[in-house]
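Working notes for the structure below.
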Amino acid sequence: MADKKPSKPQVAESPIADVFEGRYPSETEKQWAERTLAPTLEKSPERPIGAPTGTNLDENGHARFTTVSGVPIRRMYTQADLPEDWNYDQYLGYPGQPPFTRGIHATGYRGKLFTMRQFSGFASPEETNQRYKYLLEHGGGGLSVAFDLPTLMGYDSDHPASEG
């Protein structure tokens, strides 16, 4: 019998297949995927977050990237991901106007700077309120109140998930 060299495991799909699925990428994006992305993935495959637990692995054991809600996230977004009826005014708009994709302020943050926020809380609600008033009186522009996790998640204090 002839000795066989071990072969690489067969991959169900190309590691760059997602570049082409349900989209019409430009020639330059195709070239990038084939000439740059594919060799990079061959040399160093993407590693999923939570790999030891199997979190964020697809049915083939490949890394899967999603939002917290489980919505898939592409590696990169280009014009090929835009709706066919895409137009600047309808989907992107201008700062200070719906759909607010460019922010809620017409001047961006040139006229209204980002606020510096800190979580804070003290021994009693009265002391916390006193501290917040002090911060606002001395130029504080924003306050963030730290609640317990069940409250942050929208549970009432008597809900079973709020125990322990």
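Coordinate-derived values only; no laboratory data. Everything quoted here is computed from the prediction, not taken from an experiment. Cβ placement follows ideal geometry from the backbone for every residue including glycine, while neighbour counts extend to all protein chains displayed.
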Need the list of aspartates and glutamates near LYS112 for cross-linking: C-alpha distance under 20 angstrom, and skip anything on the same chain fewer than eight residues off.
GLU137
Spin-label pair TRP86/THR36, simplified geometry with 7 Å Cα→Cβ offset, distance in nm:
1.8 nm
Global form of region 119-162, assessed from the alpha-carbon gyration tensor, a/c cut-off 1.5
prolate
Projected onto the charge dipole of region 119-162 (+1 at Lys/Arg Cβ, -1 at Asp/Glu Cβ, origin at the Cα centre), which of LEU149, THR128, ALA161 gives the Cα projection farthest towards the positive end?
THR128
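Run the dipole for region 119-162 about the Cα centre, Lys and Arg Cβ at +1, Asp and Glu Cβ at -1, nothing else charged, and hand back the magnitude in debye, nearest 20. Don't skip to the answer; put the middle values down first.
Working: 2 positive and 6 negative charges, 43 e Å.
Roughly 200 debye for region 119-162.
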DSSP-loop chymotrypsin sites (Phe, Trp or Tyr not before Pro) across region 127-164, with at most 12 other Cβ within 10 angstrom
PHE147
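If we sort 59-68, 81-90 on the protection proxy, mean other Cβ atoms within 10 Å, highest first, what's the order? Walk me through the intermediate numbers first.
Numbers: 59-68: 11.4, 81-90: 9.2.
Sorting 59-68, 81-90 by mean packing, highest first, produces 59-68, 81-90.
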